[in-house]
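Step one of this worksheet: look at the structure below.
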Amino acid sequence: MAATFSQRRQSGFTTIEIIVSVVVFSLTIVSIVSAVQYIQYAQRDSFYVDTANRAARQQIELLRNGDFTVLTSAAAPIDFTSAITDMPAGTTGKVTVTVPTAVPSARQLQVVIDYPLGSNRKQVVVMAYVEPKDVF
């Protein structure tokens, strides 16, 4: 008796099934690698933003606790780039001092830290008001 088609069918995968499974596997790997790269970028950016915020607040405290008379709006921006650590090369830090019209005895400090991240440049800006200390 001759074997029918269903009895002679071999088990295994066809070429099309193998190609589809390889494509699905490849897309999954590419997605995972992209997600990992994005997470690393986001973590690095978060670290730099946190570090820049700490450096800006430290600079504000140094100026707040220092000699108030050096805080004049006519002066050039205060460059504190050399005091910034744990940031990528090319990072700059500047403080601009202005006199607010509402409170002319105070000073407004605008601290800008500019840093490279990949092919982009990012900025962290922190503002504070400083008033002269009362002398007793």
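Couple of notes before you dig in:
- Qualifying residue in the range 26-41 (condition: touching a residue at least 24 places away in the same chain (Cβ under 8 Å) and surrounded by 13 or more Cβ atoms within 10 Å (Cβ to Cβ)): no
- Count of the range 88-131 residues, restricted to those that are among the hydroxyl-bearing types (S, T, Y), surrounded by fewer than 15 Cβ atoms within 10 Å (Cβ to Cβ) and part of a loop (DSSP other than H, G, I, E, B), is 3.
- The residue of the range 70-87 that is nearest to E131 (Cα to Cα), among those that are exposed (fewer than 13 other Cβ atoms within 10 Å of the Cβ) and touching a residue at least 24 places away in the same chain (Cβ under 8 Å), is T72.
- Condition check for S46: part of a helix (DSSP H, G or I), more than 21 Å from the chain's Cα centre (by Cα) and of a type in the set (G, A, S): no
Every number here is computed from the coordinates shown, using simple stated rules; none is lab data. These numbers come from a predicted model, not from an experiment. Ideal geometry is used to build each Cβ from the backbone, glycine not excepted, and the neighbour counts take in all protein chains shown.
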